[in-house]
Amino acid sequence: MSLQYHFILNKPFGYLSQFICDVKKKKLLGALCPFPAGTMAIGRLDEDSEGLLLLTTDGKLSEHIRSCKIEKQYYAQVHGDITEAAINKLKQGVEIGIRNLKYTTKPCTVFKIYTPPEFEVRSRKIRDDRHGPTSWVSVTLTEGKLRQVRKMTAAVGFPTLRLIRVRIGSIHLGSLSTGQVLEVKSFNIG
């Protein structure tokens, strides 16, 4: 049995959650750290999203974690001051488009974050105050459809400006700085 490696990463904005890409000039995870051969991301974060990403060389572990209904928590900075009505709609499930099909999201945990979280400044500015207020919301899901959180907040009238995954199961982003990689013995998803 070969040695397996496991990593926790704070994925920066602008990076793809992969190691190989046919499109030139894309930033790939391999630029952040000399990962061992066979390292793969467990799940993905789109290029514009940031935060917690788990990586492993163990394909069986990757499949197990992806197939389980493990909670994933995101902090989303949205355009406008999100309302309780919008939050309630998000909690109940909203209709979004997934690959040209209509899909209703499963009920999830959502709440407004009244004190904006303190994250490192993003490499590309979000926007300035002239465009109106923004607010933060926490969204916790057990599913992971393509750009789901972004589509959900847009469906209730509050488009996502910045999206950061802060938790997968019992693993938290914590104080890991942007681009930092932490090697661990195993994942205790909980």
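The values are calculated or read from the model by the stated rules, or taken from the named source; none is laboratory data. Here the structure is a predicted model, which is why all the values come from computation and not from measurement. Don't worry about glycine lacking a Cβ; one is built from the backbone with ideal geometry, like all the others, and counts go over all protein chains shown.
Numerical summary
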read-out: Candidate set from segment 95-112 (those that are modelled with pLDDT of 95 or more and among the hydrophobic types (A, V, I, L, M, F, W, C)); member that is surrounded by the fewest Cβ atoms within 10 Å (Cβ to Cβ); value: F111
read-out: Any hit, segment 179-189, residues being closer than 23 Å to T105 by Cβ, in contact (Cβ under 8 Å) with a residue 60 or more places away in the chain, surrounded by 14 or more Cβ atoms within 10 Å (Cβ to Cβ) and touching a helix residue (DSSP H, G or I) at 6+ places or on another chain (Cβ under 8 Å); value: yes
read-out: All positions within segment 163-172 that are buried (at least 19 other Cβ atoms within 10 Å of the Cβ) and either more than 10 Å from the chain's Cα centre (by Cα) or within 15 Å of E47 (Cβ to Cβ) (or both); value: L163, I164, R165
read-out: Top-ranked residue of segment 56-94 - restricted to ones that are basic (K, R) and touching a strand residue (DSSP E or B) at 6+ places or on another chain (Cβ under 7 Å), ranked as surrounded by the most Cβ atoms within 10 Å (Cβ to Cβ); value: K72
read-out: Residues satisfying the stated conditions in segment 21-38, i.e. of a type outside the set (G, A, S) and assigned to a loop (DSSP other than H, G, I, E, B); value: C21, D22, V23, K24, K25, K26, L32, C33, P34, F35, P36
read-out: Listing of strands (runs of 3 or more DSSP E) fully contained in segment 39-112 that carry 3 or more residues being under 15 Å from the mean Cα position of the chain (by Cα); value: 50-56, 72-79
read-out: Evaluation of K102 against (1) in contact with a Leu (Cβ under 8 Å, 6 or more places away or on another chain); (2) of a type in the set (D, E, K, R); (3) under 30 Å from G157 (Cα atoms) (one fails), failing number; value: (1)
read-out: So Q18, is it modelled with pLDDT under 90 and assigned to a loop (DSSP other than H, G, I, E, B); value: yes
read-out: Hits in segment 156-190 - residues which are closer than 17 Å to R66 by Cβ and not in a loop (DSSP other than H, G, I, E, B); value: R165, R167, I168, I171
read-out: Conditions (1) under 24 Å from L161 (Cβ atoms); (2) in contact with a Ser or Thr (Cβ under 8 Å, 6 or more places away or on another chain); (3) surrounded by 18 or more Cβ atoms within 10 Å (Cβ to Cβ); number of the one not met by I42; value: (1)
read-out: Criterion violated by V137 - all others in (1) among the aliphatic types (A, V, I, L, M); (2) within 19 Å of N10 (Cβ to Cβ); (3) buried (at least 16 other Cβ atoms within 10 Å of the Cβ) satisfied; value: (2)
